Each structure stands twice: as structure tokens, then as C-alpha cells.
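The values are calculated or read from the model by the stated rules, or taken from the named source; none is laboratory data. Note that the structure is a prediction, hence the values are computed from the model and not measured. As a convention, Cβ positions derive from the backbone with ideal geometry for all residues, glycine included, and neighbour counts pool all protein chains shown. These accessible areas exclude ligands, DNA and RNA; they are computed on the full protein's heavy atoms, side chains included. Shrake-Rupley method; radii C 1.70, N 1.55, O 1.52, S 1.80 Å.
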Amino acid sequence: MLIGNRKKKAVVERAAQTIFTVCAFFAVLAVLSITLYMIISGTPAAVKVGLKEILFGTVWAPTATEPKYGILYVILTSVTGTAMAILIGVPVGLLTAVFLAEMADKKVAAMVRPAIELLAGIPSVVYGLLGIYLVNPLMYRLELALFKDSETHQFTGGSNLLSAVFVLAIMILPTVINISETAIRAVPSGIRSASLALGASHVQTVFRSVLPAAKSGIAAAIVLGVGRAIGEAMAITLVSGSSVNAPLPFNSVRFLTTAIVSEMGYSQGTHRQMLFTIGLVLFVFIMLINIVLNKILKKGASGE
Amino acid sequence: MKRKSGKGFAWMAAAVFAVSCLAGCGTGSAGSSPASSAAQSSQASGAQQDAQASQGAQASSQTEDLSGSIQMVGSTSMEKYANALMESFREKYPNVNVTAEFVGSGAGIEAVAAGSADIGNSSRNLKDEEKEKGVVENIVAIDGIAVCVDPANTVTDLTRQQLIDIYTGKVKNWSELGGSDTPVIVIGREAGSGTRGAFEEILGVEDGCAYANELDSTGAVMAKVASTPGAIGYVSLDVVDDSVTALSLEGVEATADNIKAGSYFLSRPFVMATKGEISEQSRLVQIWFDYVYGEEGQEIASQVGLITVK
């Protein structure tokens with residue numbers, strides 16, 4: 001009996017180990033095959049058209065008789081759009097996190113927290129629809145007022161960079177709030193007590209002692225927010241107008257993600273291969289962000 | 001089309017696989033039944049198709065032994081229509097192999113004139129010098145495009161030149177065209193779209209349009225035009241509804257009748273050109289045209305958003 005039982009246990013143990021290993025390798029396999037696929041399908045057009053022309057060209061006319069495949073404006077739009085979304089989203093998110101972790105009494109926190117969790121669960125297409133019906137008309141009014149006498153401005157009906165930034169800023173809030181709240185809560189209470197004992201006020205304690213102590217976690221929150229913003233396609237394709245222009249606030253713009261989405265349907269030949277190349281550029285961007293994230297997290301673990 | 005249906009099958013197979021995996025992990029032997037029933041049903045439908053195919057083959061072999069091949073060369077704009085026709089034609093005559101290359105209208109007509117293809121697809125009328133070579137223009141369907149504005153716009157008619165000026169960015173305000181003081185918001189489709197290709201080609205403004213919005217579907221264009229004061233957009237004629245105002249062009253309303261009569265200029269014929277009249281063609285090609293002009297062929301034309309000619 002005893003021996004049989006032990007044998008059975010050993011078999012179960014070994015089986016479990018095998019299953020875990022297979023699962024672990026499945027993720028690795030997925031990453032490897034995606035990387036390989038992106039490189040294989042993204043490089044032919046890059047070679048054919050020339051990387052310099054793609055990355056530094058400003059004219060995107062893939063179906064012209066002499067096609068042009070410049071995506072400089074598209075790249076710049078992704079960079080500025082994400083940066084602006086972070087500039088709006090991070091201060092709001094960070095202060096919300098401080099409020100939840102340090103200031104709010106339990107009843108208020110119990111109301112705010114579910115709302116934020118709900119915000120994280122809303123599908124991105126819904127954000128886009130709300131953007132169309134709420135943000136775009138408001139932006140159009142602003143546009144009409146600002147460019148009333150402009151001779152050169154091309155009116156976009158509110159589908160512009162700012163609309164997209166606004167939607168992105170709201171979309172990254174849950175990520176920023178949740179991760180920085182966790183970081184703030186992880187700060188040892190001794191730091192707070194010491195600061196308060198030295199005569200600092202509550203607000204002084206938060207800004208001078210707690211936030212600096214939580215900075216690596218907050219940095220992680222920001223980088224994850226960047227990742228979320230730069231990879232988003234559905235919501236912003238609905239509100240950004242999707243014409244390739246320089247990323248000025250009231251211009252209709254196209255992001256790296258929306259460039260792929262909007263022309264995948266009918267593209268052929270080099271045009272289609274180019275879309276994969278844009279995917280590769282986006283992939284490289286996101287990989288770089290991940291590397292930065294890992295560096296920051298490692299620093300946080302070993303430093304301090 | 002062939003490639004697409006292959007993809008669809010792959011997705012289905014993947015879905016069945018996923019279902020069977022989930023079921024297997026979740027509830028053991030009991031859970032495997034949905035997967036196996038799905039497999040059964042797909043087998044069944046496959047068998048049905050086979051039966052249909054063999055029936056079709058029998059029917060055609062009763063009349064005569066229809067086999068051989070038809071070669072089409074020509075317009076890229078007609079790809080969707082031609083592929084839809086080929087697919088349903090293949091169901092009816094499984095032994096006839098219809099092939100198509102989409103290389104452009106001019107090249108298609110040239111191929112017919114030179115005798116290297118049976119049918120030349122062209123998304124424009126034939127030129128006189130092409131007709132002189134003995135190529136005959138068989139119009140099989142008409143592609144019509146409507147120009148829409150938001151319902152509040154007081155402008156209801158545009159000339160060809162005004163339309164060109166709007167889309168190339170010369171006219172920026174509706175007041176320049178006798179409307180209210182509202183900026184013009186130029187909305188179009190993404191590069192590669194057939195509607196955009198036709199619109200720019202007919203107006204002669206290829207690659208010269210200054211779009212404020214490049215949307216990736218007909219529905220998106222309709223929604224944006226309907227909700228934005230001052231917006232103008234183009235869509236396939238068959239999708240226009242009450243949410244927008246379809247402009248008349250040069251005083252001619254955008255209706256299927258006006259397009260058939262040839263008075264509405266924002267349209268183009270889809271031509272399947274042959275060398276000599278259809279009655280002079282091989283038996284196979286004649287059957288192809290019977291099919292295209294017949295009930296099923298015209299049904300397909302309206303399915304892909306075209307105006308039928310019969």
C-alpha cells in the first residue's frame with residue numbers, strides 16, 4: 001500500500017512537472033514564432049523600398065503610380081501621441097493613486113476603486129465610440145473657434161491628434177493608478193511615521209517621503225502606460241481621422257497601429273508588405289519599451 | 001476568393017481544435033461531445049457539397065460535356081466582382097476552369113486584341129482605337145458613386161469642377177459654393193479602396209486629393225458625414241440612406257436610372273470585352289456570358305454593390 005502510494009505520488013509529481021514545463025515553453029514558442037514571423041514578413045518591403053526612405057520619408061502614397069512609402073509622420077504621431085497621453089494621464093493617475101492609498105477614508109475608496117476597475121474592463125472600441133460621439137463634436141467646436149480666420153488650416157471635423165490623445169489618456173488611467181497604488185502601499189510605514197514625527201504635514205510626507213520611496217514602482221506604471229498607449233489601435237482609429245499628416249494638435253493623423261488597420265483590407269503587393277514593415281517598426285518600439293521596463297524594475301530591486 | 005475560403009476553413013479548424021482542447025481540459029469525456037458533433041456537422045456539410053457538385057456535373061454532362069478553360073485579364077477594380085462571378089460559376093460548371101489576372105483595364109483589352117485572353121476586363125469605356133482592333137464592348141454592370149453631405153447642408157448640387165476643387169483642397173468653405181459659412185470637411189476612403197480608386201479616376205484627381213479624414217469603411221464614411229456639419233464624402237450608390245443627402249451632380253440626381261441612362265457622370269461601366277461579338281466566341285465563352293447576363297450573374301452584381309444592366 002505504502003509503496004504503491006509513493007509510486008503514484010512520484011508519477012503525479014513527474015506529470016505535473018512535465019505539464020508546467022510544456023506550458024512555460026508554449027509562451028516562449030509563441031514569442032519566438034511571432035518575432036520570426038514579423039521579421040520574415042516585415043523585411044522584404046524594407047529591402048525593396050529602402051529603410052531610409054521608409055523611416056525618413058514624409059509622403060505616404062502607396063497606390064500612386066509612383067508609390068511613396070514614407071512613414072516619418074506616422075512614427076512621429078505615435079511618439080507624440082503617446083507622450084501627450086502620458087503627460088495628461090500620469091499626473092491624474094498618480095494623484096488618484098495617492099488619494100486611494102493615503103488620503104481616502106474607506107467609504108470613499110470603496111466607491112472609487114470599483115469605478116477604476118470598471119474603467120480597465122471597458123473594451124477599447126467603446127472608448128472609440130464615446131470618442132466619436134463626445135470628444136469629436138467638442139473638438140470640432142474648438143477647431144471652428146480657433147481656426148475661424150485661418151486660410152491654410154484643413155478642417156477635420158474634430159477627428160484630430162488631440163481627440164486621440166484624450167481617449168488614450170483615459171485608457172491608460174487604470175494601468176497607472178493600479179500599479180502606482182500598489183507601489184505606494186508597499187512603502188514601509190516607518191518612513192511615514194518618521195516623516196510625521198519630524199513635524200512634516202500629511203501632504204509634505206506624501207510628496208517628500210512616500211512618493212520618492214515608491215519611485216521605481218511608479219516608473220514601472222508609466223512605462224506600462226506607454227506600452228498600452230502605443231499599442232492601442234481600435235479606439236484611436238475611430239477618432240483620429242486617419243490621414244497622414246504631421247502630428248500637430250488639430251491635424252488629422254495616423255498612428256503606427258492605425259496605419260496597419262486602416263489599409264489592410266484592400267492592399268496588395270508591396271503595399272501589403274509595407275504594412276507588415278510598419279508592424280515590424282511598431283514591434284521594435286514595443287520591444288525597446290519592454291527592455292527599458294525591465295531595466296527599471298531591476299534597478300528598483302537591487303538599488304534603494 | 002479561393003484563398004479566402006481556405007483561410008476561413010483554417011480558422012474553423014482552429015476553432016474546433018480550441019473547443020476540443022477546452023472541453024478536454026474542463027469536463028473530461030463528457031465535454032468532448034461538442035467538438036465531435038462540430039466535426040460531424042462539418043463532415044456532413046462537406047458531403048452535401050460533394051453531392052451538389054456531382055449533381056451539377058451530372059446536369060451539365062446531360063446537356064453536354066462542359067470542360068475547358070476561360071481566361072480573363074484586366075481591371076483591378078473588377079477583382080471583387082469577377083471573383084464572385086468565378087466562384088459561383090465554378091459551382092455550376094465544376095469542370096470549367098476560369099482564370100483571371102488583375103493587371104489593369106488597358107492591359108486586359110490589349111490581351112484580348114492580341115488573342116492571348118478570351119475576355120478583357122475593363123472598368124472604363126473602350127477607346128475608339130481599341131474598337132478599331134475588333135474588340136467589342138460588353139457592359140456587364142455599372143459602378144455608381146454617390147457624393148453625400150450632411151442633411152443640414154444647403155448645397156444640393158455640384159458641378160464636376162466644383163467637386164474637383166473641393167477634393168483637391170481649393171474650395172475650403174461652403175460659402176464659396178453658395179452655402180452657409182461652414183468649412184468643408186473632405187472625407188474619403190483609404191488608399192487601396194475600390195471606391196476611392198473609381199472616384200479619383202473618374203474625376204482625374206488620382207493621388208491629388210487632400211483628405212481631412214481617410215476612413216476604412218463605407219459605414220464609417222456615412223456615419224462621419226451624417227454627424228459632422230460641413231462634411232462631404234463619397235460612397236457606393238447602393239448604401240445611401242436618409243441619414244445623409246446625396247448631391248445631384250451637374251443637375252442630375254444620383255439614381256440607378258440616371259446612371260443607366262448615362263447622364264450621371266460619377267459612374268463607370270464594367271466591361272468584359274471580347275474580340276468580335278459574343279455570338280462569334282467559343283461555346284464556353286458564350287455560356288459564361290449567358291451566366292453573367294442571366295439571373296444569377298445579375299444577382300451577384302447587385303450583391304457586390306453594382307448597378308445591373310438587364
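Name the residues of the range A:49-92 whose accessible area, probed at 1.4 Å, falls by at least 40 Å² once all protein chains are in place instead of their chain on its own?
A:THR63
Based on the alpha-carbon set only, what is the convex hull volume of the range B:144-267 divided per residue, in Å³? Let's see the in-between values first.
Working: hull volume 11.0 nm³, N = 124.
Per-residue hull volume (Cα only) is 89 Å³.
In the calculated pair distance distribution of the range A:1-49, what percentage of Cα-Cα distances lie above 17 Å? Don't skip to the answer; put the middle values down first.
On the way: 710 of 1176 pairs.
The calculated P(r) of the range A:1-49 puts 60 percent of pairs beyond 17 Å.
In square angstrom and rounded to 100, what buried accessible area do you get between chains A and B, total over both, with the probe at 1.4 Å?
On the way: alone 17630 and 15660 Å², together 31410 Å².
Counting protein atoms only, the buried area is about 1900 Å².
Compute the relative contact order of the range A:71-302 as a whole-number percentage, counting only Cα pairs closer than 8 Å that sit 6 or more residues apart in sequence. Write out the running numbers ahead of the final one.
On the way: 300 pairs, mean separation 68.8, N = 232.
Normalised by residue count, the contact order of the range A:71-302 is 30 percent.
When ranked by the protection proxy of mean other Cβ atoms within 10 Å per residue, highest first, what sequence do the peptides B:271-281, A:112-122, A:283-293 form?
Working: B:271-281: 18.3, A:112-122: 12.4, A:283-293: 14.5.
Ranking the peptides B:271-281, A:112-122, A:283-293 by packing returns B:271-281, A:283-293, A:112-122.
Taking one equal scatterer on every alpha-carbon of chain A, how large is log10 of I(q)/I(0) by Debye at q = 0.15 1/Å?
-1.20
How would the protein assembly as shown be classified by its alpha-carbon gyration tensor: rounded, prolate or oblate, with rounded meaning a/c under 1.5 and the a/b versus b/c comparison settling the rest?
Details: a/c = 2.52, a/b = 1.41, b/c = 1.79.
In terms of gyration-tensor shape, oblate.
Gaussian network model of chain A, Cα springs within a sub-10 Å range: biggest mean-square fluctuation belongs to which of A:PRO247, A:PRO91, A:PRO188?
Sorting by GNM fluctuation, first place goes to A:PRO188.
Please build a GNM for chain A, connecting alpha carbons under 10 Å apart, and tell me which residue among A:SER124, A:SER193, A:SER180 fluctuates the most.
A:SER193
Evaluate peptide A:264-270: per residue, the Cβ atoms of other protein chains within 10 Å of its Cβ; return the mean as an integer. Write out the running numbers ahead of the final one.
On the way: counts 3, 6, 13, 4, 4, 0, 0.
Counting Cβ atoms of other protein chains within 10 Å of each residue's Cβ and averaging gives 4.
For the protein assembly as shown, what proportion of DSSP beta bridges, expressed in % and rounded to the nearest 5, is antiparallel? All intermediate terms of the calculation are to be shown ahead of the outcome.
Working: 23 of 41 bridges.
Of all bridge pairs located within the protein assembly as shown, approximately 55 percent are antiparallel.
What does the helix-only formula give at 222 nm for the protein assembly as shown: each DSSP H stretch with n ≥ 4 adding -39500 (n - 2.57), the total divided by the residues, and the result rounded to the nearest 500 deg cm²/dmol?
On the way: 23 runs with 355 residues, N = 614.
That calculation yields -19000 deg cm²/dmol at 222 nm.
Tell me, what is the FRET efficiency for A:CYS23 and A:ALA115 to the nearest 0.05, using R0 = 41 angstrom and their Cβ-Cβ distance as r? Before the final figure, lay out the partial values.
On the way: r = 35 Å, r/R0 = 0.84.
Computed FRET efficiency for A:CYS23 and A:ALA115: 0.75.
Using Cα springs under 10 Å in a Gaussian network model of chain A, which residue among A:ALA46, A:ALA214, A:ALA194 shows the largest mean-square fluctuation?
A:ALA194
Rounded to the nearest whole Å², what accessible area per residue is found for the protein assembly as shown with the 1.4 Å probe? Before the final figure, lay out the partial values.
Details: 31410 Å² over 614 residues.
With all protein chains present, the protein assembly as shown gives 51 Å² per residue.
Just counting partner chain Cβ atoms within 10 Å, what average do the residues of peptide A:146-158 show around their Cβ?
Mean number of neighbouring Cβ atoms from other chains: 4.
Between A:PHE147 and B:GLU87, take the C-beta separation as r, use R0 = 56 Å, and let me know the FRET efficiency to the nearest 0.05.
0.70
How many Cβ atoms of partner chains, on average, are near each residue of B:199-212 if near means within 10 Å of its Cβ? Display every interim value, and only then the final one.
Numbers: counts 0, 1, 0, 0, 0, 0, 0, 4, 8, 1, 1, 2, 8, 12.
Mean number of neighbouring Cβ atoms from other chains: 3.
Quick one: pull the percent of accessible area on chain A belonging to carbon and sulfur, 1.4 Å probe, ligands and nucleic acids left out.
Numbers: 11950 of 16700 Å².
Reported share for carbon and sulfur atoms: 72 percent.
How large is log10 of I(q)/I(0) for the range A:84-192 at q = 0.13, 0.16, 0.20, 0.23 Å⁻¹ when the intensity is taken from the Debye formula with one equal scatterer per alpha-carbon?
Per q value, in the given order, log10 I(q)/I(0) is -0.61, -0.80, -1.03, -1.20.
When the Debye formula is applied to the Cα atoms of the range B:205-260, each taken as the same point scatterer, what base-10 log of I(q)/I(0) results at q = 0.15, 0.17 Å⁻¹?
Per q value, in the given order, log10 I(q)/I(0) is -0.50, -0.64.
For B:ILE185, list long-range residues whose amide hydrogen, built 1.01 Å from N in the peptide plane, is under 5 Å from its own amide hydrogen.
Long-range HN contacts for B:ILE185: B:ALA231, B:ILE232.
With a/c under 1.5 counting as rounded, go ahead and sort the range A:184-264 into rounded, prolate or oblate using the C-alpha gyration tensor (a ≥ b ≥ c being the square roots of the eigenvalues; past the cut-off, prolate if a/b is larger than b/c, else oblate).
Note, shape of the range A:184-264 comes out prolate.
If you rank B:CYS148, B:CYS209, A:CYS23 by how much accessible surface each has, with a 1.4 Å probe, what is the order from largest down? Intermediate values should be presented prior to the final figure.
Values: B:CYS148 5, B:CYS209 30, A:CYS23 85 Å².
The most accessible residue leads, giving A:CYS23, B:CYS209, B:CYS148.
Going by a 1.4 Å probe on protein heavy atoms, which residues of the range A:106-141 end up with at least 50 Å² less accessible surface in the whole assembly than in their chain alone?
With the partner chains in place, the range A:106-141 has these residues losing at least 50 Å²: A:TYR140.
What part of the accessible area of the range B:144-267, given as a whole %, is carbon or sulfur when the probe is 1.4 angstrom?
Working: 2120 of 4510 Å².
Summing carbon and sulfur atoms, their accessible area is 47 percent of the total for the range B:144-267.
Compare each residue of the range A:226-260 in its chain alone against the assembly with all protein chains, and report those whose accessible area goes down by 30 Å² or more; 1.4 Å probe, heavy atoms.
When all protein chains are present, A:GLY241, A:SER243 each give up 30 Å² or more of accessible surface.
Going highest first, how would you order B:213-220, A:8-15 by mean Cβ packing within 10 Å?
Details: B:213-220: 20.5, A:8-15: 10.0.
Packing order, densest peptide first, comes out as B:213-220, A:8-15.
Would you mind calculating the gained length between A:LEU248 and A:ASN5 on full extension (0.36 nm times residue separation, minus the Cα-Cα distance), in nm to one decimal? Please report the intermediate quantities before stating the final value.
Working: separation 243, 0.36 × 243 = 87.48 nm, distance 7.12 nm.
Using 0.36 nm per residue and subtracting the Cα-Cα distance, I get 80.4 nm.
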